[in-house]
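Student: Here it is, the structure in full.
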Amino acid sequence: MDLAFTPEEQAFREEVRTWVRANLPESIAHKVRHSLRLTRDDLQGWAKILGKKGWLVSGWPKEFGGPGWSAVQKHLFEEECALADAPSVVPFGPVMVAPVIMAYGTPEQQKRFLPGIASGEVWWSQGYSEPGSGSDLASLKTRAERVGDKYIVNGQKTWTTLGQYGDWMFNLVRTSTEGKPQTGISFLLLDMKSPGVTVRPIKLLDGECEVNEVFFDNVEVPADQLIGEENKGWTYAKLLLSHERTNIAGVNRAKRELERLKRIAKAEGVWDDMRFRDQIALLEIDIVALEMLVLRVLSAEKSGKNPLDIAGLLKIKGSEIQQRYSELMMQAAGPYSLPFIEEAMEAGWQGDFPGGLVADAPLASTYFNMRKTTIYGGSNEVQRNIVAQTVLG
């Protein structure tokens with residue numbers, strides 16, 4: 001295992017760094033740097049800039065319109081974007097559904113759906129979790145009945161991240177009740193503008209409507225929007241979940257937020273507190289260890305091995321690190337990490353009072369938001385069981 005970057009990879013890093021810093025709008029970078037609210041226009045605007053360059057789909061092979069980068073190049077690209085304070089790419093289209101369409105979709109489906117994902121023009125949502133079917137996803141009940149050349153979909157999805165912006169949704173639906181629960185699931189692509197689709201935002205602890213409920217009332221979905229074979233959707237879902245959990249690790253974001261934590265600690269006068277510095281050091285050690293684990297995965301990919309059996313481990317450690325740095329930021333800012341008052345934030349007040357930094361005001365909302373990370377994408381308790389079974393035997 002060689003974890004050192006080659007001269008060619010270092011040159012690639014410099015190319016990416018130069019381009020990102022020249023093309024990332026400062027108005028967006030400022031919001032990311034201070035953890036301020038990003039709008040749909042911010043997120044999709046950066047996606048379209050990347051799309052024009054061909055870099056939004058950094059993990060795609062050339063045959064499907066991607067840059068054909070190696071796993072290491074993709075990692076370096078994501079690291080430089082994070083360090084430049086670029087927003088994270090919304091993963092549902094480029095990272096999650098696209099590999100499924102590439103692997104199991106028909107040539108017609110690939111031609112129809114992949115270009116809109118690559119350009120950043122089409123916003124995709126994920127239709128997986130349901131009330132009562134989260135980590136136990138195979139128990140899902142949303143039903144799709146084949147009638148002629150279409151499916152009629154009825155049911156409900158929940159925790160649909162940014163679903164209020166969605167143009168299309170990749171949807172796990174039940175097409176059979178025979179046999180094991182996993183064997184009766186199919187994978188549908190659904191136009192969210194279809195009659196019978198209702199999106200209802202859910203306000204979270206941090207005051208944001210980041211997730212949604214989505215209801216389906218006799219929604220008609222053309223049968224040619226079924227991916228692969230009917231009742232084989234669980235196989236496709238597992239491929240997608242592996243990409244999701246690897247993405248959740250967020251090591252590059254953690255490295256950026258570690259530097260933000262240090263800035264806040266210095267500005268608020270706690271940097272010289274050695275006990276607090278110890279906590280920062282312990283966090284940094286864990287981030288370095290997580291990065292080494294990610295690089296091991298990349299090294300395995302370079303040698304042709306399948307590294308996805310430890311995707312759950314990446315998710316566990318990455319999500320715990322996100323919670324720790326958000327908590328340490330709160331502690332560093334002390335009374336300036338304001339108790340969250342949504343009305344004040346909506347009115348534009350960002351804690352601009354003597355002694356308070358602009359970056360302090362959103363700390364409480366970030367802390368509240370990060371409580372979710374050890375639950376979504378498969379709770380960490382469940383992920384530990386999966387890791388024990390697949391890695392330890």
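Student: For a bin width of 5 Å, list the pair-distance distribution of segment 1-159 built from all Cα-Cα distances, rounded to whole %.
Tutor: Here the calculated profile for segment 1-159 is 1, 8, 14, 16, 17, 15, 12, 9, 4, 3, 1, 0.
Student: By accessible area of protein heavy atoms, probe 1.4 Å, what ranking do Arg384, Arg253 get, highest first? Walk me through the intermediate numbers first.
Tutor: Working: Arg384 110, Arg253 90 Å².
These residues rank, largest area first, as Arg384, Arg253.
Student: Next up: How do 49-59, 6-16, 196-206 rank on mean C-beta neighbours within 10 Å, highest first? Please list the in-between numbers first.
Tutor: On the way: 49-59: 19.5, 6-16: 13.1, 196-206: 14.7.
Ranked from most to least packed, the peptides come out as 49-59, 196-206, 6-16.
Student: In a solvent-free Debye calculation with one equal scatterer on each Cα, what is log10 I(q)/I(0) for the chain at q = 0.07, 0.12, 0.14 Å⁻¹, listed in the order of the q values?
Tutor: -0.33, -1.01, -1.37
Student: So how much slack lies between Phe215 and Ser176, counting 0.36 nm per residue of separation and subtracting their Cα-Cα distance, in nm?
Tutor: Going from the current span to full extension adds 12.0 nm.
Student: What is the local net charge at Phe113, summed over the other residues whose Cβ is closer than 14 Å to its Cβ (Lys, Arg +1; Asp, Glu -1)?
Tutor: Combined, the nearby Lys, Arg, Asp and Glu give -3.
Student: Tell me the carbon and sulfur percent of the accessible area for the chain, rounded to whole percent, probe radius 1.4 Å.
Tutor: Details: 9820 of 18330 Å².
Taking all protein chains in place, the chain shows 54 percent carbon and sulfur surface.
Student: Now a separate question. With label points built 7 Å along Cα→Cβ from the Cα atoms of Lys62 and Glu26, find their separation and express it in nm.
Tutor: Label-label distance for Lys62 and Glu26, simple model: 3.8 nm.
Student: By a straight-distance test (C-alpha under 26 Å), which lysines pair with Lys266 as possible cross-link partners, with residues fewer than eight away in the same chain excluded?
Tutor: Lys31, Lys255
Student: Given segment 173-293, what whole percent of its Cα pairs are spread farther than 17 Å?
Tutor: The proportion of pairs with Cα distances above 17 Å equals 74 percent.
Student: Kindly write out, for segment 370-382 in residue order, the coupling ³J(HN,Hα) from the Karplus curve 6.51 cos²θ - 1.76 cosθ + 1.60 (θ = phi - 60°), rounded to whole Hz, with x marking Gly and Pro.
Tutor: So the J values, rounded to whole Hz, are 6, 4, 7, 5, 7, 10, 6, x, x, 4, 5, 4, 5.
Student: Ok, one more. Name the residues whose placed amide hydrogens come within less than 5 Å of the amide hydrogen of Ser70, ignoring near sequence neighbours (fewer than 5 apart) on the same chain.
Tutor: Sorted by chain and number, the residues that satisfy this come to none at all.
Student: In addition: With θ set to phi - 60°, apply the Karplus curve 6.51 cos²θ - 1.76 cosθ + 1.60 along segment 131-143 and write out the HN-Hα couplings as whole Hz, x wherever there is a Gly or Pro.
Tutor: Karplus-based 3J(HN,Hα) across segment 131-143 equals x, x, 9, x, 5, 8, 5, 5, 8, 4, 10, 4, 9 Hz.
Student: Here's a follow-up. So who's got an amide H within less than 5 Å of the one on Gly228, skipping anything under 5 residues away but keeping other chains? H placed 1.01 Å off N, in plane.
Tutor: The answer is Thr106.
Student: Using only the alpha carbons of segment 43-105, determine the length spanned along each of the three principal axes and report them from longest to shortest in whole angstroms.
Tutor: 35, 24, 18
Student: Can you tally the net charge around Gly196? Count Lys and Arg as +1, Asp and Glu as -1, for every other residue whose Cβ sits under 15 Å from the Cβ of Gly196.
Tutor: Residues close to Gly196 contribute a combined charge of 0.
Student: Which of rounded, prolate or oblate describes segment 124-167 when judged by the alpha-carbon gyration tensor and an a/c cut-off of 1.5?
Tutor: Because a/c hits 1.5 or more and a/b fails to exceed b/c, segment 124-167 counts as oblate.
Student: For the chain, what is the calculated [θ] at 222 nm in deg cm²/dmol (nearest 500), taking -39500 (n - 2.57) for each run of four or more DSSP H residues and dividing by its residue count?
Tutor: One gets -14500 deg cm²/dmol as the mean residue ellipticity at 222 nm.
Student: Once the piece of chain linking Lys52 and Asp224 is laid out straight, how much longer is it, given 0.36 nm per residue of separation minus the C-alpha distance between them?
Tutor: Working: separation 172, 0.36 × 172 = 61.92 nm, distance 2.90 nm.
My answer for the length gained is 59.0 nm.
Student: Determine the gain in length on full extension of the stretch Trp271-Glu14; use 0.36 nm per residue of separation and subtract their C-alpha separation, reporting nm with one decimal. Intermediate results must be reported in sequence, preceding the final value.
Tutor: Working: separation 257, 0.36 × 257 = 92.52 nm, distance 3.13 nm.
Residue separation times 0.36 nm, minus the Cα-Cα distance, leaves 89.4 nm.
Student: Now a separate question. Can you tell me which of 183-189, 79-85 comes out highest on packing, and rank the rest after it, using the mean Cβ neighbours within 10 Å?
Tutor: Result, highest mean Cβ count within 10 Å first: 183-189, 79-85.
Student: Can you give the relative contact order of the chain as a percent, counting alpha carbon pairs under 8 Å and 6+ residues apart?
Tutor: 15 percent
Student: Right, another one. Per-residue HN-Hα couplings for segment 159-173, Karplus 6.51 cos²θ - 1.76 cosθ + 1.60 at θ = phi - 60°, whole Hz, x for Gly and Pro?
Tutor: 6, 6, 5, 6, x, 5, 9, x, 9, 10, 9, 8, 10, 8, 9
The values are calculated or read from the model by the stated rules, or taken from the named source; none is laboratory data. Model, not experiment: these values are computed from the prediction. All Cβ positions, glycine included, derive from the backbone under ideal geometry; neighbour counts span all protein chains shown. Heavy atoms of the whole protein, side chains included, go into the accessibility calculation; ligands, DNA and RNA do not. Shrake-Rupley method; radii C 1.70, N 1.55, O 1.52, S 1.80 Å.
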